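First the structure, in the form of structure tokens, and then the observations on it.
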Amino acid sequence: MPEDKDFTNKLILGDNLEALKGIEDNSIDLIYLDPPFFSNKTYEVIWGDEGEVRSFEDRFEGGIEHYIGWLYERVRLMYDKLKPTGSMFLHCDWHASANIRVEILDKIFGRNNFRNEIVWHYRRWTAPSNNLQKLHDMIFWYSKSDNYTFNPLFTDYTDGSVSRKKSGKLHRFKKGEEPLLVSDKTIDEKGVRENDVWQIPFIAPSAKERIGYPTQKPELLLERIIELASNEGDTVLDPFVGGGTTIAVADKLGRKWIGIDQSSMAIKVSDLRLKKQHDAFSQPYELILRKYDYDILRSSNAFEFESWIINKFGGIPNAKQRNDFGLDGRMSDNTPIQVKRSDNIGRNVVDNFLSAIRRQDEKLFEKNKKDGKIAGYIIAFSFGKGAVEEIARLKNKNSTIIKLVKVSDIVDYGKKPEVSLSADSIDKNEFEFTAKAKSEPGIDFYAWDFSHSEQNGFKPDVLFDKTGKQTKKFPDGEHQIAVEAVDREGISGTDKVKIEIKNQKK
Ligand SMILES: C[S@@+](CC[C@H](N)C(=O)[O-])C[C@H]1O[C@@H](n2cnc3c(N)ncnc32)[C@H](O)[C@@H]1O
């Protein structure tokens, strides 16, 4: 696979309108989007956290025109992100498809760049009504130019009643349950060339790939789209990533990927889904939440943290770790910065900083003092009383202004939920597990790994549990069970228990 050293796969929490602005123009090979839309009967839409179902009209006051405007500005941005050889696949259904095609896609891509309308035909039970059953969605495929990536798809075929021998122009094959008539031209040694009507079942309630996300799409659907319009090493973007189907499939197929969703639940479910399928071929990825995880910041590489926080503060970090005076960076006007990656910074830090900045540039120090300007910044997680008092004293007695800056003034961070997991035996081989978790923003859901090992990391068997309680049977032996509690900011905490089931034979 071609390696791109500057790119890491990304899972981003946020409104895609904002998040898309951070993506380079002309950098994406394939965009698949499955925006929220009218659901079949009740004009409802799955919206935001908790897959919350709200009425379409609630969100889109002003009806369809408002909806089209909302989507138009996003698709317009996405268009800029596509490479000239790139394609977009927009998934929708009858509620808005006509408007989307004419008022958004034709306008942005141009009518001549319409490639196809793929019909996803599914089967599901619906109550009888005075109408034909609605059993398909559409996926509009537009490319940015005539020179687009296209890999023909083939479907397996089995010989039907007529033999495979060329008996005239038409051949009859069976594709699953359906007889097919195909001409010589569409037959290839790989199978029959796939057409634009795809019969793919809905995800069954018992399906292995089912993760419990309300609008989850089948992996096979995404496999086809990704194989059709991208190659290994290409970059796939899903700006409405939901339960993460697109990026999970992209990862398996060796594509690079970016997933965006405004719901922290969607992002964390996608994150856990990727962890679950993680193997030796998986690429690393970055999880970008609205808040950083305090523990991760505190335990990160010191130099990397210093450079990162100075950049976020708007300063210029040193190229190498600490300069001769123990300072970490400066502002553009040369005011020095020191970073302490800890809490409760004491007075000694202020004293040392003061002598360091004087030694480094006495002239600048005196000038700042004379002009009543800030002589230097100390950035830390928190400051003790001694440091705060010293700062006040310096200002009053020496007219020296040193500014203490908390990390939380620069970036938002949250603390991991505190989690405790207990196991109660309820039958010979059966246990009940209870997770108790606390976090400031509140707990959103739990994920469970019933055969946890440090070596494999957290690989959830249950991805999305609102209750914090699970019962499960185990074979004899030792088992480690791990739970992750995810809060409303998408930050998670974990706990584990070990159980042992002794030989139960009579
Ligand atoms: C129909 S679902 C996508 C389902 C996904 N294809 C899957 O297979 O799981 C639409 C998603 O769009 C997200 N969403 C809605 N508005 C958004 C916005 N402005 N920015 C980012 N995500 C948004 C919702 O949170 C929801 O998860």
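Quick note: the coordinates plus some simple rules give every number you see, no bench work behind them. In this text, all values refer to a predicted model and were calculated from it rather than measured experimentally. A quick note on method: Cβ atoms are made from the backbone with ideal geometry, for glycine too, and the neighbour counts reach across all protein chains shown.
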Inset, instruction - Could you let me know the centre-to-centre spacing of the range 446-506 and the range 116-130, using Cα atoms, in angstrom? - result: 38
Legend entry - For the range 329-341, Karplus couplings with θ = phi - 60° (6.51, -1.76, 1.60), whole Hz, Gly/Pro x: x, 8, 7, 5, 8, 6, 4, x, 10, 10, 10, 10, 8
Inset, instruction - Give a residue-ordered list of calculated ³J(HN,Hα) values for the range 228-244 (Karplus: 6.51 cos²θ - 1.76 cosθ + 1.60, θ = phi - 60°; whole Hz; x for Gly, Pro). - result: 5, 10, 8, 10, 3, x, 6, 10, 10, 10, 10, x, 10, 6, x, x, x
Inset, instruction - Could you grab the relative contact order for the range 416-501? Cα pairs under 8 Å, six or more apart, rounded to a whole percent. - result: 36
Inset, instruction - Could you list, in their original order, any pairs among 190/217; 208/466; 276/416; 83/459 whose Cα atoms are separated by more than 24 Å? - result: 190/217; 83/459
Legend entry - In Hz, Karplus ³J(HN,Hα) per residue of the range 493-502 (6.51, -1.76, 1.60; θ = phi - 60°; x = Gly, Pro): x, 9, 8, 9, 9, 10, 10, 10, 10, 7
Legend entry - Rounded to 10°, Cα long-axis angle of helix 347-360 versus longest principal axis of the chain: 80
Inset, instruction - Restricting to the chain, compute how many DSSP beta bridges are antiparallel as a %, nearest 5. - result: 65
Inset, instruction - Evaluate the charge dipole of the range 253-332 about its Cα centre and quote only its size in Debye, nearest 20, assuming +1 on the Cβ of each Lys and Arg and -1 on the Cβ of each Asp and Glu. - result: 240
Inset, instruction - Give the angle, between 0 and 90 degrees and rounded to the nearest 10, that separates the Cα long axis of helix 63-81 from the longest principal axis of the Cα atoms of the chain. - result: 70
Inset, instruction - Distance between Cα centroids, the range 352-419 to the range 289-325: provide it in whole Å. - result: 16
Legend entry - residue 496/residue 366 FRET efficiency (R0 56 Å; Cβ-Cβ; nearest 0.05): 0.45
Inset, instruction - Please arrange 467, 235, 246 by counting, for each residue, the other beta carbons lying within 10 Å of its beta carbon, fewest first. - result: 467, 235, 246
Inset, instruction - List 294, 142 from most exposed to least, where exposure is judged by having the fewest other Cβ atoms within 10 Å. - result: 294, 142
Legend entry - Acute angle (nearest 10 degrees) that the helix 264-277 long axis makes with the longest principal axis of the chain, alpha-carbon atoms: 70
Legend entry - Rounded if a/c under 1.5, otherwise prolate or oblate - the chain, Cα gyration tensor axes: prolate
